[in-house]
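To start, the structure under review is shown below, and the notes come after it.
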Amino acid sequence: MPLLGDEGHKEMVACLKQITTHITKPSAIIIISAHWEESIATITSGESPSLIYDYYGFPKASYDLKYPCQGKPLLANQIHNLLEKSGIPSAVDAIRGFDHGLFVPLTIMYPDADIPCVQLSLMNNLNAAEHIKMGQALQELDYDNLLIIGSGFSFHNMRAFFTAETSESKKLNESFENWLLTILSSPDIDEEQRKQSLINWENASG
């Protein structure tokens with residue numbers, strides 16, 4: 001785990017820390033967590049959400065981690081209203097806490113936990129087009145200095161993490177990563193092409 005000094009995560013930790021030196025400190029953060037799925041888009045709306053240790057088999061210290069940031073009910077309701085206006089069914093949840101898709105990266109990026117946060121779930125149909133539509137709706141949020149983070153790896157196979165990497169699996173992973181980087185960042189791809197490529201991500205190499 002990156003918060004416990006794992007050598008294998010040094011590069012990721014350094015990258016997350018570096019990001020904060022290139023952007024203005026946000027007034028609020030939205031985390032879209034790959035570790036939370038609901039039937040409809042759901043937003044945490046509690047004032048002081050607890051932490052959810054949604055992982056298994058890690059050292060005891062990983063279950064003692066704290067990240068006492070506040071929630072932002074007003075922002076949660078703004079997101080809810082905006083999604084509904086865009087035709088995306090949604091709900092707010094004042095009970096659910098923050099999972100490790102939030103507190104792991106933010107402990108590295110903003111260790112003082114002094115920025116209010118809300119967390120937004122994925123929809124459990126995992127329909128790419130619907131999630132892109134959700135992202136487009138979030139573009140319309142009228143909120144100054146807001147940071148939106150999509151939290152999760154492009155590759156998250158726990159069985160693969162704990163087995164020796166083969167040259168074939170490494171080749172496949174790198175191929176997909178390169179495809180994704182090109183689609184997201186190439187100036188030669190217009191927004192409609194980018195959207196359609198992401199919708200059809202299962203046809204990508206890797």
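Taken together, the values in this text are just the output of simple stated rules run on the coordinates, not laboratory data. Everything numeric here is computed off the predicted structure, so don't read it as measured data. FYI the Cβ positions are ideal-geometry reconstructions off the backbone, even for glycines, and counts take in every protein chain you see.
In the chain, the C-alpha radius of gyration followed by the widest Cα-Cα span (Dmax) gives 17.7, 49 angstrom.
Couplings 3J(HN,Hα) for the stretch 34-51, derived from phi with the Karplus relation 6.51 cos²θ - 1.76 cosθ + 1.60 (θ = phi - 60°), are 6, 9, 9, 10, 9, 5, 10, 4, 10, 10, 5, 10, x, 6, 9, x, 7, 9 Hz, where x marks Gly and Pro. Whole-Hz Karplus values for the stretch 52-69 come out as 10, 8, 8, 8, 9, x, 9, x, 3, 4, 6, 9, 10, 5, 10, 8, x, 6 Hz, taken residue by residue from phi with 6.51 cos²θ - 1.76 cosθ + 1.60 and θ = phi - 60°; glycine and proline positions read x. A Gaussian network model of the chain, with springs between Cα atoms under 10 Å, assigns the largest mean-square fluctuation among G46, G97, G135 to G135. The local environment of N124, defined by Cβ-Cβ distances under 10 Å, has a net charge of -2 under the rule Lys, Arg +1 and Asp, Glu -1. Between T182, T107, T42, the Gaussian network model of the chain with springs among Cα atoms under 10 angstrom shows the greatest mean-square fluctuation at T182. Residues whose amide H comes within less than 5 Å of that of F98, counting only those at least five positions distant or on another chain, are S50, L51, I52 (H built at 1.01 Å from N in the peptide plane).
Estimate the FRET efficiency between S167 and R194 by the formula 1/(1 + (r/R0)^6), using the beta-carbon distance for r and 25 Å for R0, to the nearest 0.05. Intermediate results must be reported in sequence, preceding the final value.
Details: r = 31 Å, r/R0 = 1.23.
Efficiency computed from Cβ-Cβ geometry: 0.20.
Here the chain is scanned for chymotrypsin sites (Phe, Trp or Tyr not before Pro) in DSSP loops (not H, G, I, E, B) that have at most 10 other Cβ atoms within 10 Å, and the longest stretch holding none of them is 57-152.
For W36, the residues 5 or more places off, or on other chains, whose built amide H falls under 5 Å of its own are L122.
With Rg and the Kirkwood Rh both taken from Cα atoms, where does Rg over Rh land for the stretch 164-206?
So for the stretch 164-206, dividing Rg by the Kirkwood Rh gives 1.08.
Treat every Asp and Glu Cβ in the stretch 28-89 as -1 and every Lys and Arg Cβ as +1, leave all other atoms uncharged, and give the resulting dipole magnitude about the Cα centre to the nearest 20 debye. Write down the numbers at each step before the final one.
Values: 4 positive and 6 negative charges, 36 e Å.
So the dipole magnitude of the stretch 28-89 works out to roughly 180 debye.
Projecting the Cα atoms of W201, T182, S27 onto the charge dipole of the chain (Cβ charges, centred on the Cα centre) puts S27 farthest toward the positive pole.
Residue order for E191, E130, fewest other beta carbons within 10 angstrom first, comes to E191, E130. Computed from the Cβ-Cβ distance with R0 of 22 Å, the FRET efficiency linking Y63 to E37 stands at 0.50.
Dipole check for the chain: with +1 at the C-beta of Lys and Arg, -1 at the C-beta of Asp and Glu, and the Cα centre as origin, the magnitude is about 300 Debye. For the pair A14 and A91, what calculated FRET efficiency results from E = 1/(1 + (r/R0)^6), where r is the Cβ-Cβ distance and R0 = 41 Å, to the nearest 0.05? It comes out at approximately 0.65. Note on the chain: GNM, Cα springs under 10 Å; of E192, E140, E177, the largest mean-square fluctuation is that of E192. Only beta bridges with both residues in the chain are counted; by DSSP, about 5 percent of them are antiparallel.
Taking Cα centre as origin and charging only the Cβ of basic (Lys, Arg, +1) and acidic (Asp, Glu, -1) residues, the dipole magnitude of the stretch 50-141 rounds to 40 debye.
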